[in-house]
1. Once you've got the Cα coordinates, tell me which of Lys460/Lys484; Lys284/Lys460; Lys458/Lys612; Lys458/Lys484 are over 19 Å apart.
2. Residues of segment 375-405 with amide nitrogen under 15 Å from the 7 Å Cα-to-Cβ point of Val731?
3. Please list, ordered by chain and number, the residues whose modelled amide H lies under 5 Å from the amide H of Gln315; skip anything fewer than 5 residues away on the same chain.
4. Would you mind ranking Trp499, Trp774, Trp508 so that the residue whose beta carbon has the fewest other beta carbons within 10 Å leads the list?
5. If I model a spin label at Ile446 and Gln674 as a point 7 Å from the Cα along the Cα→Cβ vector, what separation in nanometres do I get?
6. If we count other beta carbons within 10 Å of each Cβ, what is the order of Ser554, Ser700, fewest first?
7. What does the charge count around Val381 come to, taking other residues whose C-beta lies under 13 Å from its C-beta (Lys +1, Arg +1, Asp -1, Glu -1)?
8. Just want the ordering: Thr442, Thr452, Thr286, from fewest to most Cβ atoms lying within 10 Å of their own Cβ.
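Every number in this text was worked out from the coordinates using simple rules, so none of it is lab data. If you're wondering where the values come from, they're calculated on a predicted model, not measured in any experiment. Using ideal geometry, Cβ is built from the backbone for each residue, glycine included, and neighbour counts are taken over all protein chains shown.
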Amino acid sequence: METGSSSEIVDKGKVMRGVNSKGKKQYSNGIKIEPFVPRSKHHNPKELRTWAKKTGFVSDYSGEAGTSASEKFDSVGFDVEKSSVVVVDDDDDQREGGSSPKIEIDPVLGVARPNMDDEIKPDYDSKHGARRGEKDKFLRSNYGLNETIGNQNQRKKNGVEPVLGYGDKKIGLRRNDDTNGIMNLIRDGNGHALGVSSAVAPMPEKKKEDESVTEGDVKVNLYAEDEEHAHREFQGQSQMKYGLTENPSVVLLIYYGLQHYLSLVGSLVLIPLVMVPTMGGTDKDTASVISTMLFLSGVATILHLYFGTRLPLVQGSSFVYLAPALVIINAEEFRNLTHHKFRHIMRELQGAIIVGSIFQCILGFSGLMSLLLRIINPIVVAPTVAAVGLAFFSYGFPQAGTCMEISIPQIVLVLIFTLHLRGISIFGHHLFRIYAVPLSVTIIWIYASFLTAGGAYKYKGCDPNIPSSNILIDSCKNHAYTMKHCRTDVSTALSTSAWLRVPYPLQWGFPIFHFRTCIIMVIVSLVASVDSIGTYHSASLRINLRPPIPGVVSRGIALEGLCSILAGLWGSGTGSTTLIENVHTIDITKVASRRVVELGAAFMILFSFMGKVGALLASIPQALAASVLCFMWALITALGLSTLQYGQSGSFRNITIVGLSLFLGLSIPSYFQQYQPQSTLILPSYLVPYAAASSGPFHSGIKQLDFAINGLMSLNMVVTLLVAFILDKTVPGSSQERGVYLWMQPQDIANDPSLASQYSLPRKVARCFCWAKWLGV
């Protein structure tokens, strides 16, 4: 901004605004405001503050402390000579002023401006280059309003609004989609700039519950078009009960710590109920895997809170790894194994997870993830995460439907708790919404126990404890599946598990490494990274923080890879990643304290040592678990699609990419899955889609490669990510339309060092890794 331009604008603005000869603005309410005129060529912040205090100017702009408004105006890059105005957006934060009346002030001219109900309309060129004939009539704005200057002059005569002395001047406007806070540039017939006026477009009526925003407050906007989207995302009054660094009392700390993990119990403990029986494991094996997962979840969460992104996010076994695990489990050579089948398959999974996690560590620690962040946006993340939930549609209700009298009440009850009773508060806590899963499971589990005790699943001459392969009576064979999935007393986990059991590395044996399975997990680790990136961004906005810098994101992905290596060594069957359900948990609990999540992780480690806790969770009837998983997978799909809010969800480009990605992500794997395995009879129908790796249509002559390609193309999330990525990069679209994630940059931390404290490593750790600047240290 050239020196003295502010004074020139003020002088020209007097004619435009109807300022009297004494340089003061007269309002109908009798308030006179002197325009701000700098005394010297260089703006002095003290002069502006003195003028603001004298005139009653109140700004709600929450910029850096000690930065003057004049400096902020210079940073906008307003230039009258170049006839350009940077369009900016409203800042939602409000500052409380003193007792002086709050008056709307033109931030550039420094003169009071009236509260205009209607926006001054731009005069655009028509399609054929001809302008509209009427000099006082303008095109409609985004809100469909159309006023004439004559009407405004008439309103001035009535004492409502000042006459704008435009004469033959024409108005040009440069703007974006958001019509709030617009700078209008006044030009004469030759296109020369004469001055600037401010026009405030009518906005949709805000809710009355936002009492911090009062009518008449001045909103100063100083963000360029590329920055306004990110600024609008993280600004706003936080609704968290406890922020990132706030600590509740000891009692509340324990309560919120347990609450945080109980709300995520469905994601943490139900995966082994699907995997272990498929692997041929016993009830005791299921209890051991659940205890191992609880232990690894606690350790990974604590590591992430101290050395990762430091966001209050729970780490654990993700559903991202479940589908590829089922593909490996159903490989042809494993189907007919009888001796130590569970241990052999678990060792195969361990080797694949370790190799895939090493690749994830390389992405993070090398800084390559910072480069990948430039090509990852909500249009890619949304369908990919949604496909993770949709991938299990063939497993969900077919399993739950074996006991309709249990599964239907479970699904209905969890929906009532989460939707119909979500607004009910008991002692200030939305218990039904927070504890929807554990409450509904407890109630239906008790109900199923009554059904079992009442003889609902008791058939004459049939013993539920006899394996189905040893049953000789035909009538009992028909009921064996129902008894196994519906009865609450068939599990032997509680009777066979020890009271104290400490998970330890290589508890199932040394990992087995094969090229075919390792390639699958390498690609899946990339999908898990994309999932985590979307979670980092959404969670930071939920707790009213600016998104982390790319280096911090790389650090978080690297630590997830390291924790997945631990998962491979301990043998949980899946890798460790950030659960996307964290976003839902933070949103409903309103608790984002690191200390709360840390204490909850400590409880998980403690519970993992109690063998009976894992055994109790392993005793959940399989039909009941499948019913809960139907809700969990639907929630993951919804959370994935919700990330579209950061882009232009109404854009035809975006909805076409998302829709086509999801459709092909379901349809292409179905093509690969239609090639039935040779041993179909020994596979349940809900596992047939995961057997395509051994019998798919791709044949290159290299069995290891054939298995990897057929397996990857049968995974919905992999195909969806591939299609979404290709379409997003080949179809033209602006950054705003794509909703590109705008991460915080190092220069932002240089301007405001307080921003670094939210994501910075502990001091002693930071000293050891001060050389790794690309990791945000």
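1. In this structure, Lys284/Lys460; Lys458/Lys612 exceed 19 Å between Cα atoms.
2. Of the residues in segment 375-405, 377-384 have backbone N under 15 Å from the label point off Val731.
3. Amide H neighbours of Gln315: Thr301.
4. On the way: Trp499 10, Trp774 16, Trp508 22.
Least crowded to most crowded, the residues run Trp499, Trp774, Trp508.
5. 4.9 nm
6. Details: Ser554 28, Ser700 9.
By the 10 Å Cβ count, ascending, the order reads Ser700, Ser554.
7. Numbers: positive: Arg738; negative: Asp531, Asp728.
Value of the local net charge: -1.
8. Values: Thr442 11, Thr452 19, Thr286 26.
Listed from fewest to most nearby Cβ atoms, that is Thr442, Thr452, Thr286.
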